[in-house]
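Since the structure comes first, as structure tokens, the remarks are kept for the end.
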Amino acid sequence: MESLNMKEIEAEAKESAKKHVTTIIKKHGKLEKVDQIKRKIVRQKGSVEAQLKSAIQQQLDGVHIGLEKLKEAQYQVAEVDKDLCKMADVFTQVPSLYQKLTVVRDENMKHSQYMTARENLKHIFTVPESVEKTKQWINEGKLLHTHQCLRDLENSRDDLLYELHKLPNQSPHDKSMLKAYFSDVEKLSVLLEKQLRLVLSRTLNTVRKEPTVIVTALRIIEREEKADEEALKQEKQTGFLPPGRPKRWKRMAFEVLEKSVATRIEGTQIEERSDNKNWLITYLELIRQLILEDLRVVKTLCVPCFPPRYNIIHEYIKMYHHCLSAHLQEVIQNGLEGNEYVTVLSWVHKTYFSEELLCHHDLIEFTSNLVQNDPLLPKDVITRLQNEYLSNMENNYAEWMKNTLISEKQEWYSSTEPQVSHTSGTGPIIIFQMIDQNLQVTKTVSDRLTFEALKRGIDHVIRYGGSYNEAIFEFKNTYFSDRKQVPFFTHHMITIVNNCLQLADLSTQLEKQYLTGSSEIKEEDKNSAIEKFSKLRTVFIELRNKSGIYLLEELFLDLEKYFSDLFISNWLGSSVAVDTICLTTDDYFQDYSGLAQKNFDYIVYEVRRRFVEKYLVSMLSKKVSFKTYQECTKAARQVSKEVNQLKDLLSGLCKNINGDDPFKAIMVLVEVLKSDDDMLSFELHRVVEDYPDISDEQLLRLMHLRGDLSWSDVKDKVTHLIRPKVVISSVFKSLVFPKLVNLFNN
């Protein structure tokens with residue numbers, strides 16, 4: 001099979017060689033170089049064969065080395081096997097040897113016990129004396145002597161107990177008797193621990209006067225810690241643990257220090273809320289002074305006394321931090337009132353982590369990590385405090401705004417004449433001063449809390465706008481139901497109009513003051529607040545406009561009779577009606593002088609619009625018809641005169657009346673009134689072009705004044721008017737006539 005494979009491989013090689021030679025010869029110019037190519041191939045073949053021989057030789061050398069290693073390993077395995085057999089023979093002899101050495105082992109145990117008893121003989125017979133002497137040293141404050149004596153007694157007891165522990169047949173009676181004999185030793189340990197607790201509880205005071213006392217206590221604790229380690233190590237090895245071990249006095253020391261810190265913090269409170277409404281401010285300031293002073297003492301005096309591995313400055317900072325956190329949460333749990341919420345929040349956010357306390361230049365190197373990673377109060381407590389404060393603030397807003405409105409309503413219905421100079425109420429200023437005061441307080445905490453307070457304050461002002469609107473509407477209805485009930489309606493309405501504008505202006509000031517320069521507020525939150533301010537201004541500007549209309553209702557109620565006297569049979573040639581309108585209006589505007597300039601301009605604008613409406617309604621009410629063209633032209637001249645008289649009145653009241661002139665609508669109709677028959681169609685088209693929303697009915701009402709024209713021609717001209725496609729609302733859209741008249745049946 002192998003020979004067959006070799007033949008196939010050889011045949012494939014020959015075939016491949018033929019193809020290779022054929023390919024070479026086919027190339028141009030290669031046939032002449034056959035000899036050179038042949039020599040080159042022969043050289044390559046020789047090189048390949050040399051490489052192959054070298055590789056085979058290396059493989060053979062590796063196999064030879066491997067065989068040598070295997071022989072050596074076989075020899076070593078055989079030697080190990082012989083040693084294991086010898087060890088097995090030796091182990092069979094161990095049980096009999098163990099029995100033979102029993103006597104020696106017992107003698108060794110007795111010798112060990114005798115040696116231990118001999119070494120501790122002095123302490124065994126002097127235990128009562130040593131105990132009394134140790135108690136005396138404790139009372140005298142000689143802690144090192146106390147500890148040395150205690151250690152001697154404990155060592156004697158522990159050595160004896162250990163010897164009992166090593167006995168194969170331990171006697172519980174012996175162990176109990178020995179423990180009872182040394183029972184006072186454990187009591188001494190408890191007494192020494194109490195003395196150490198007392199010393200450590202006064203650390204910050206003692207270290208100022210007698211630092212050696214603290215150092216002595218710490219040396220004792222360190223020795224006991226070492227003894228604990230040795231006892232635990234011995235327990236792992238032998239299973240024996242001396243009584244009272246481990247004492248863990250280092251842990252006890254830190255517990256005492258932390259308890260003393262908590263006591264110092266709690267003891268700083270010297271007042272209650274019933275004694276002083278600012279008790280919390282005083283208390284937190286005393287805490288700040290206490291912590292700062294104590295930590296500086298720890299840095300300068302305690303650090304040299306404590307072992308470096310205690311890291312005492314960091315430990316004290318943690319203790320003050322955790323104890324203060326727990327105590328503040330207890331204060332919060334007991335309940336806060338009013339601005340006490342902000343007092344706590346401000347102290348926690350600003351004072352605690354400021355240069356006045358933890359970031360003081362003496363402490364910052366030790367507190368930087370705490371400042372960044374460990375807040376004084378948990379996040380949920382901070383959130384609850386902020387929500388409770390905001391909720392109380394909202395309740396105060398609601399109450400204050402309710403009282404402000406009640407007070408203002410009482411003034412409205414009062415029979416006492418108000419002072420003429422006071423044409424703006426104190427309500428808006430009180431409301432925004434109240435909001436600003438709260439915001440100034442919250443700024444001592446954070447921009448975030450200030451922003452939340454701002455939004456809620458604006459929401460309440462918006463709601464106040466709704467209540468204010470209802471109260472104004474009720475006030476207006478009460479007055480117009482019986483004008484004698486409210487003697488000073490005009491004055492109070494002027495105050496109301498001014499108040500509405502003032503509320504809008506004050507909101508703009510508040511927006512500029514608190515919505516700029518804060519990096520803590522997200523852009524989308526700012527946009528939301530801006531929308532709230534925009535809504536607030538819209539509410540009060542609309543209420544200003546509505547109140548202005550209520551104010552003018554009184555004027556136009558008095559002017560109604562005189563407008564109805566226009567365009568009646570005795571109107572032509574008489575100026576009584578318009579003169580009276582002007583005099584009455586001027587008289588009212590003497591009172592309106594108390595309006596703020598923007599409100600005054602708005603009132604003048606509204607009066608101008610209402611004058612035009614009233615005049616047009618009177619003009620188009622079909623109360624009179626001029627039979628001749630001369631009467632029509634005379635009427636047109638009188639209308640022009642009256643319009644100019646009204647315009648002059650308003651121009652005298654307000655120099656800068658903005659917007660289009662609504663009186664133009666009357667003058668356009670005047671052109672129709674005085675137009676001759678040939679120009680009538682043109683003038684009508686001009687009216688429609690200027691005021692495309694004027695209706696056919698209104699045009700027919702106008703043409704009713706032209707008694708000199710044929711009614712059928714008039715209707716035909718009106719019917720065939722070509723109107724613009726784009727209709728723009730104008731004064732004609734708002735005209736309301738007392739009753740409809742069928743103008744087509746004249």
Per-residue HN-Hα couplings for region 311-322 [Karplus 6.51, -1.76, 1.60; θ = phi - 60°; Hz; x = Gly/Pro]:
6, 5, 5, 5, 5, 5, 4, 4, 4, 4, 4, 6
Grab the beta carbon distance between residue 322 and residue 407, set R0 = 51 Å, and tell me the FRET efficiency rounded to 0.05.
0.50
Among the lysines, select those whose C-alpha is under 27 Å from the C-alpha of residue 623, and discard any that sit fewer than 8 residues away in the same chain.
561, 614, 634, 641, 647, 664, 674, 715, 717, 733, 739
Of all the accessible heavy-atom surface of the chain, with the other protein chains kept in place and a 1.4 Å probe, what percent is carbon and sulfur?
52 percent
Amide N proximity, region 286-310 versus residue 229 label position 7 Å along Cα-to-Cβ, cut-off under 13 Å:
309-310
Arrange the peptides 141-153, 718-730 so that the one whose residues have, on average, the most other Cβ atoms within 10 Å appears first.
141-153, 718-730
Using R₀ = 22 Å, calculate the FRET efficiency as 1/(1 + (r/R₀)^6) where r is the Cβ-Cβ separation of residue 97 and residue 238; round to 0.05.
0.35
Going Cα to Cα from residue 598, which lysines come in below 16 Å? Please leave out same-chain ones fewer than 8 positions away.
546, 655
Extension gain from residue 53 to residue 526, taking 0.36 nm per residue of separation minus the Cα-Cα distance
161.6 nm
Suppose the chain between residue 508 and residue 202 were pulled fully straight at 0.36 nm per residue; how much longer would it get relative to their current alpha carbon spacing?
104.2 nm
Relative to the present Cα-Cα distance, how much length would full extension add between residue 293 and residue 129 at 0.36 nm per residue of separation?
54.5 nm
Gyration tensor verdict on region 205-255 (Cα atoms; rounded if a/c is under 1.5, prolate if a/b is larger than b/c, oblate otherwise)
prolate
Between the residues 385, 343, 429, the Cα farthest towards the positive end of the dipole of region 326-457, that dipole coming from +1 and -1 charges on the beta-carbon of Lys, Arg, Asp and Glu, is from 429
Which FRET efficiency value, to the nearest 0.05, do you get for residue 482 and residue 593 by plugging their Cβ-Cβ distance into 1/(1 + (r/R0)^6) with R0 = 41 Å?
0.90
Placing each pseudo-label 7 Å from Cα in the direction of the beta carbon, residue 361 and residue 191 end up separated by a distance in nanometres of 5.2 nm
Consider a paramagnetic label point 7 Å from the Cα of residue 737 along Cα→Cβ; state which residues of region 554-583 have an amide N under 17 Å from it.
564-569
How tilted is helix 102-119 with respect to the longest principal axis of the chain? Cα atoms for both, answer in degrees (0 to 90, nearest 10).
60 degrees
With Cα Rg over 2.2 N^0.38 Å as the read-out, I listed [x] 1.99; [y] 2.04; [z] 1.16; which label goes with the value calculated from this structure?
[y]
Within 10 Å, count the other beta carbons around each residue, average over each peptide in 86-93, 359-366, 506-513, and list them highest first.
506-513, 359-366, 86-93
For region 314-331 and region 547-612, write down the distance between their C-alpha centroids in whole Å.
74 Å
Computed about the Cα centre, the charge dipole of the chain from +1 Lys/Arg and -1 Asp/Glu charges at the Cβ has a magnitude in debye, to the nearest 20, of 3120 debye
I want to check the label-to-label distance for residue 222 and residue 43. Put each point 7 Å from Cα in the C-beta direction and report it in nm to one decimal.
8.5 nm
Mean Cβ count within 10 Å, highest first, over the residues of peptides 662-674, 230-242:
662-674, 230-242
Heavy-atom accessible area per residue of region 571-730, all protein chains kept, 1.4 Å probe, expressed in Å², is 47 Å²
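The values are calculated or read from the model by the stated rules, or taken from the named source; none is laboratory data. Model, not experiment: these values are computed from the prediction. Positions of Cβ are generated from backbone atoms using ideal geometry, with glycine treated the same way; all protein chains shown enter the neighbour counts. To get the accessible areas, we keep the full protein, side chains included, count just its heavy atoms, and leave off ligands, DNA and RNA. Shrake-Rupley method; radii C 1.70, N 1.55, O 1.52, S 1.80 Å.
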